[in-house]
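Taken together, the values in this text are just the output of simple stated rules run on the coordinates, not laboratory data. Just so we're clear, the structure is a prediction, and the values are computed from it rather than from any experiment. Please note: Cβ atoms are built from the backbone with ideal geometry, for glycine as well, and neighbour counts cover all protein chains shown.
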Amino acid sequence: SAGGSNVAASALLKVADENTGTEAGARALLGAAGQLYTDNKLDEAKTSFQRFISEYPESKLLGQAKYGLAVCLEAQGKNAEAITAYGEVANRFQDENVMAPAKLALGRLYETEKKLEQARDAYMDIARDARSGSTLGAEAQARLMDLLQKHPDLRPKPSAPAAGRSPFMPAPASVPQQ
């Protein structure tokens, strides 16, 4: 129920306030921010994500907080700010579970903003990097194919042959080193 989730968010904020600077406080604050987002209290969620970012800049959960902030900005229709925020997540948090979802969101927003080359590049990055069979990889692949079907001019150009090599001859096979 909505009433129950309001209680959950305020209980988590109380724990965060009582445990400022601790791992428990960090987790509670991030949990409260997520619950506020789920409750569609976007301003409060955004404020809580921003508070986390300023109070816990060294936390291993920082990527999740920055991703949460980007999601709030997107939900508020602040596309330019969301693109900047997702871009930071995608570029700064390479190993985290937030990188691929941030790139996928970037691709979607770039499409919305008619920045189609950037959308293509974001989708190609995910499709290339995602584990084969991953949901995000499959979604990126589907979005990429749809984008290229609607805009054939975005298809990557074949790369030019290396200097001095005939374009009709295959490149020499590399010999594995013993």
request  = For every other residue with a beta carbon closer than 15 angstrom to the beta carbon of residue 122, add +1 if it is Lys or Arg and -1 if Asp or Glu, then tell me the sum.
outcome  = -3
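Longer than 23 Å from Cα to Cα, which of 78/115; 78/114; 41/78; 78/150 are they? Say none if no pair is.
With Cα atoms farther than 23 Å apart: 78/150.
How far, in nm, would the chain grow between residue 20 and residue 157 when pulled straight, counting 0.36 nm per residue and subtracting the alpha carbon separation? Please report the intermediate quantities before stating the final value.
Values: separation 137, 0.36 × 137 = 49.32 nm, distance 5.31 nm.
Net length gain for the segment: 44.0 nm.
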query = Per Stokes-Einstein, at 4 °C and 1.567 mPa s, what whole-number D in µm² s⁻¹ belongs to the range 74-142, with the Kirkwood radius over Cα pairs as the hydrodynamic radius?
reply = 109
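Tally Lys/Arg at +1 and Asp/Glu at -1 over every other residue whose Cβ is under 13 Å from the Cβ of residue 79; what's the total?
Numbers: positive: 78, 108, 114, 115; negative: 74, 81, 111, 113.
Around residue 79, the surrounding residues sum to 0.
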message = Using the Cα centre of the range 2-161 as the reference point, and only Cβ charges (+1 on K/R, -1 on D/E), how large is the resulting charge dipole? Debye, rounded to the nearest 20.
response = 440
query = Can you give the direction-averaged projected area of the convex hull of the alpha-carbon atoms in the range 55-114, in nm²?
reply = 3.9
